Amino acid sequence: VARTGAVPPGRDIDELVAAAHARGLRHAEGTVADYIPILAQVDPELFGLCVVDVDGGVHEVGDTGARFSIQSISKAFVYALLCDALGHEEVFDVVGVNNTGAAFNSVVAIELNEGHPGNPMVNAGAIATTALMPSATAEEKWEAVRNGLSRFAGRGLEVDDDVYRSESLTNQRNRAIAQLLESYGRIRSDPAEAVDVYTRQCSLLVDAHDLAVMGATLADGGVNPVTGERVVSADVCRDTLAVLAASGLYERSGEWLFEIGLPGKSGVAGGLVTVAPGKAGIGAYAPRLDSAGNSVRGQIGTAYLSRALGLNIFASE
Ligand code: GLN
């Protein structure tokens, strides 16, 4: 029996997902990320779109089984795990919840904010978040992150070693950010270790279907609708979604919220997760990005679905 909160019954959701996918396919704007060298080798035409509702129903079209590194989308789920472990007050003090108005890897934003990372969805805040994970060693932190993200996805996630190596060799900027945070006393563990765990979490392989399940878990108040397992509390989901609404698409978050009206999170490999609270998660994958680092086709397909399924949280009808 469909719960009243799920996506509208009686609509042919598969048809709408197919139409959204077709809409996205018309677009070839944007460029594949290349500052992490291995990401530039991807097929730029890949495009998968998947909706998982809070009853566990799956609707997918295109390359939904194509795997890619989760990248910044991991930030949303690690933040949720940390808030679940520590309580959001403590995390709030260290990481904050305001949009920086700057690129995800901005150093200037940290300086202008007196060493505060701004929010957990930019690199500085995400590295500080990972550093706060309550485990004694870096290895335990990593296992807590991998295990937690796997529970969101409902399957064991694995690292792409080539992505991890490629990013580790070229992440001087993230190492600098972590050291800058340390100089301001804003990071509580060894900065190099925190960056290493962060780099591993960004290298976890997912597909668009996984992202939809992960998003549906946030939509479902923290219970994975496929496995039935509670991953985090409902309060944590609410707080995480508020942070995503403000900063999930970096300096483009305002435009995104205006167009789509839902919390979402992008990653530079081309993944995009969107959450319709109480209803569904949407996972998208298409590697070409806009200038802020957000999947172009992912945004177009998701915008179509938000309108067609009436998901905008600001709409009164
Ligand atoms: N691992 C990437 C980085 O730290 C993640 C950035 C992103 O997806 N926007 O640069």
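The values are calculated or read from the model by the stated rules, or taken from the named source; none is laboratory data. As the structure is a computational prediction, the values presented were derived from the model and not from experiment. Neighbour counts run over all protein chains shown; Cβ positions are idealised from the backbone, glycine included.
The residue that is farthest from Ser74 (Cα to Cα), counting only those in segment 107-141 that are of a type in the set (S, T, N, Q) and touching a helix residue (DSSP H, G or I) at 6+ places or on another chain (Cβ under 8 Å), is Ser135.
From the list Gly5, Gly10, Gly62, the one residue that fits, being modelled with pLDDT of 95 or more and over 19 Å from the mean Cα position of the chain (by Cα), is Gly62. Only one entry of Ala131, Ala153, Ala124 meets the criterion of being crowded, with 22+ Cβ neighbours inside 10 Å, over 17 Å from the mean Cα position of the chain (by Cα) and modelled with pLDDT of 95 or more, and that entry is Ala131. When Ala194, Ala144, Ala176 are screened for being of a type in the set (Gly, Ala, Ser), surrounded by fewer than 20 Cβ atoms within 10 Å (Cβ to Cβ), in contact with a helix residue (DSSP H, G or I) (Cβ under 9 Å, 6 or more places away or on another chain) and part of a helix (DSSP H, G or I), only Ala144 passes. Tallying residues that are assigned to a helix (DSSP H, G or I), more than 25 Å from Asp162 (Cβ to Cβ) and either within 16 Å of the ligand (Cβ to nearest atom) or of a type in the set (Val, Ile, Thr) (or both) within segment 179-191 yields 3. Can Gly87 be described as more than 16 Å from the ligand (Cβ to nearest atom), in contact (Cβ under 8 Å) with a residue 24 or more places away in the chain, more than 15 Å from the chain's Cα centre (by Cα) and on the phi > 0 side of the Ramachandran plot? When the stated conditions are applied, Gly87 does not pass them. Scoring Ala176 on the criteria (1) within 15 Å of Ile70 (Cα to Cα); (2) within 16 Å of the ligand (Cβ to nearest atom) leaves a single failure, condition (1).
Identification of helices (runs of 4 or more DSSP H) wholly contained in segment 203-317 with 2 or more residues that are without any contact (Cβ under 8 Å) to a residue 60 or more places away in the chain yields 234-247, 253-260, 296-308. Which ones in segment 121-170 are in contact with a Ser or Thr (Cβ under 6 Å, 6 or more places away or on another chain) and of a type in the set (S, T, N, Q)? Of everything in segment 121-170, just one residue is in contact with a Ser or Thr (Cβ under 6 Å, 6 or more places away or on another chain) and of a type in the set (S, T, N, Q), namely Ser168. Annotation: of all residues in segment 76-102 being in contact with a Pro (Cβ under 6 Å, 6 or more places away or on another chain) and buried (at least 24 other Cβ atoms within 10 Å of the Cβ), the one that is nearest to Gly293 (Cα to Cα) is Tyr79. Among the residues making up segment 196-237, those that are among the charged types (D, E, K, R) and either in the same structural domain as Ile282 (by TED's automatic domain parsing) or touching a Lys or Arg at 6+ places or on another chain (Cβ under 9 Å) (or both) are Arg200, Asp207, Asp210, Asp220, Glu229, Arg230, Asp235. Looking only at residues in segment 229-250 that are within 12 Å of the chain's Cα centre (by Cα) and more than 16 Å from the ligand (Cβ to nearest atom), the one that is surrounded by the most Cβ atoms within 10 Å (Cβ to Cβ) is Thr240. Looking at Ala80, Ala76, just one residue is under 17 Å from the mean Cα position of the chain (by Cα) and within 15 Å of the ligand (Cβ to nearest atom), and that residue is Ala76. Taking the criterion of being surrounded by fewer than 23 Cβ atoms within 10 Å (Cβ to Cβ) and more than 12 Å from Ala18 (Cβ to Cβ), the residues of segment 50-63 that qualify are Asp55, Gly56, Gly57, Val58, Asp63.
Where the second residue is outside any loop (DSSP other than H, G, I, E, B) and the first is more than 16 Å from the ligand (Cβ to nearest atom) and lies in segment 96-111, which pairs have Cβ atoms under 8 Å and are six or more apart or on separate chains? That search, which allows pairs on different chains as well, returns Gly96/Gly125; Val97/Ala242; Val97/Val243; Val97/Ala246; Val97/Ser247; Asn98/Ala246; Asn98/Ser247; Glu111/Leu180.
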